[in-house]
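Have a look at the structure below, then the notes.
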Amino acid sequence: MEELKNCPICGSEKHSVFLTCTDHFLTKEKFTIVKCDKCGFTFVNPRPEQSQLAGYYESTEYISHSGTSKGIVNSVYKFIRNYTHKAKLKLVTKYAKGNKILDIGCGSGELLSLFRKIGWETLGIEPNQTAREFAVKQYCINVYEEAHLKEIDDGMMDVISMWHVLEHVSLLNERMQEVKRVLKDDGVLFIAVPNRISFDATHYGEFWAAFDVPRHLYHFTPETMGELIKKHGFAIVSFLPMKFDSFYVSMLSEKYKNGSSNLLKALYTGLKSNIKANSRRHDHSSMIYVIRKK
Ligand SMILES: [Zn+2]
């Protein structure tokens, strides 16, 4: 295990225990999430060494990396994913000033294939070998391992996206620096992450599926995302909610809490989360941050 002495965002040495969570998805191990006393950032600490983390993804059920659809949760996930891919395409094309996109954590490449269809130049980074091979074979997209990020020339990309990726990245600040280097000066960065101040997060507490320890190493709020972005010379241009995430996360959280994905209860909680979320507080279950260089 690796113990972080300093807050990855503000560098403060002082943090307190925020929550103890179980890895409900795979190992049933317990992990502690701490909260920085200074900036309020919450992160898993101590956490598995970087070399050990891959082991926490080794499951046939890890659906973001597989093309299989099994069970109702997976079916709903896939339906929503297709819908949200189209919404993401629309959103990106609205803000982009060019047509070169790098999707970091592109999974099996469905989203990038949509950009390719409309004539964009696409590049994917994906740590999972099976997903990478699927994307290359199925969609003929260039997808590389994470190490390839360093080989991309400076200022190459009009758009960089990380959809539910940053919470998984061990070297958070190094990743932000790389992204800044590769993005054009007038480029746009899209970061989507779960939001731990959402209603569904508070409602499910340690069972909230988006805590997903230790795969999710960081638990952002709009405030701490703002701090991270500022630290790396970026500014948030816009906040957008991901309204389907509350339903999917609630279904999974019900499963972790009560042993079955109680559909009605999950739909009710998901709906309540969206209704209670306030556009000024940006407290939806997951948020998309639209970001530019300062
Ligand atoms: Zn801090």
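Of note:
- Any hit, segment 1-12, residues being more than 16 Å from the ligand (Cβ to nearest atom) and either at pLDDT 95 or above or not in a strand (DSSP E or B) (or both): yes
- Residue check for PHE43: surrounded by 12 or more Cβ atoms within 10 Å (Cβ to Cβ), more than 12 Å from the ligand (Cβ to nearest atom) and either in a loop (DSSP other than H, G, I, E, B) or not small (Gly, Ala, Ser) (or both): no
- Top-ranked residue of segment 139-166 - restricted to ones that are out of contact with any Pro (no Cβ under 8 Å at 6 or more places or on another chain) and in a helix (DSSP H, G or I), ranked as nearest to LYS117 (Cα to Cα): TYR139
- So LEU91, is it in contact (Cβ under 8 Å) with a residue 24 or more places away in the chain, touching a His at 6+ places or on another chain (Cβ under 7 Å) and part of a helix (DSSP H, G or I): no
- Flag for ASP200 being more than 24 Å from GLU110 (Cβ to Cβ), in a helix (DSSP H, G or I) and of a type outside the set (Phe, Trp, Tyr): yes
- Verdict on MET157 being surrounded by 19 or more Cβ atoms within 10 Å (Cβ to Cβ), under 16 Å from LYS293 (Cα atoms) and touching a Gly at 6+ places or on another chain (Cβ under 7 Å): yes
- Filtering ILE72, ILE80 for residues that are more than 16 Å from the ligand (Cβ to nearest atom), at pLDDT below 90 and loosely packed, with under 14 Cβ neighbours inside 10 Å leaves a single hit, ILE72.
- Among the residues listed as ILE118, ILE104, the single one being aliphatic (A, V, I, L, M) and exposed (fewer than 15 other Cβ atoms within 10 Å of the Cβ): ILE118
- Summed over segment 205-250, the residues that are more than 16 Å from the ligand (Cβ to nearest atom), crowded, with 22+ Cβ neighbours inside 10 Å, within 14 Å of the chain's Cα centre (by Cα) and not in a helix (DSSP H, G or I) give a count of 8.
- Hits in segment 5-26 (condition: under 22 Å from the mean Cα position of the chain (by Cα) and crowded, with 16+ Cβ neighbours inside 10 Å): CYS7, PRO8, ILE9, CYS10, PHE18, LEU19, CYS21, ASP23, HIS24, PHE25, LEU26
- Any pair with Cβ under 7 angstrom, 6 or more apart, that starts in segment 134-156 at a residue that is under 10 Å from GLY109 (Cβ atoms) and ends at one that is part of a helix (DSSP H, G or I) and among the β-branched types (Val, Ile, Thr): VAL143/VAL136
- Of all residues in segment 131-152, those satisfying the criterion of being more than 21 Å from GLU178 (Cα to Cα), touching a helix residue (DSSP H, G or I) at 6+ places or on another chain (Cβ under 9 Å) and either surrounded by 14 or more Cβ atoms within 10 Å (Cβ to Cβ) or charged (D, E, K, R) (or both) are ALA131, PHE134, ALA135, TYR139, ILE141.
- Residue match in segment 46-55 (condition: at pLDDT 95 or above, surrounded by 13 or more Cβ atoms within 10 Å (Cβ to Cβ) and not in a loop (DSSP other than H, G, I, E, B)): yes
- Of the residues making up segment 111-118, at least one is without any contact (Cβ under 8 Å) to a residue 60 or more places away in the chain and part of a loop (DSSP other than H, G, I, E, B).
- Qualifying residue in segment 180-193 (condition: of a type in the set (Asp, Glu), touching a helix residue (DSSP H, G or I) at 6+ places or on another chain (Cβ under 9 Å) and either assigned to a strand (DSSP E or B) or without any contact (Cβ under 8 Å) to a residue 40 or more places away in the chain (or both)): no
- Residue selected from segment 30-39 under the condition of a type outside the set (A, V, I, L, M) and out of contact with any Pro (no Cβ under 8 Å at 6 or more places or on another chain), by the criterion farthest from the ligand (Cβ to nearest atom): LYS30
- Residues that are within 16 Å of the ligand (Cβ to nearest atom), in contact with a strand residue (DSSP E or B) (Cβ under 8 Å, 6 or more places away or on another chain), at pLDDT 95 or above and over 28 Å from LYS243 (Cα atoms) are absent from segment 18-26.
The values are calculated or read from the model by the stated rules, or taken from the named source; none is laboratory data. This structure is a prediction, so every number in the text was calculated from the model and none was measured. Neighbour counts are summed over all protein chains in view; Cβ atoms, including those assigned to glycine, are modelled from backbone coordinates with ideal geometry.
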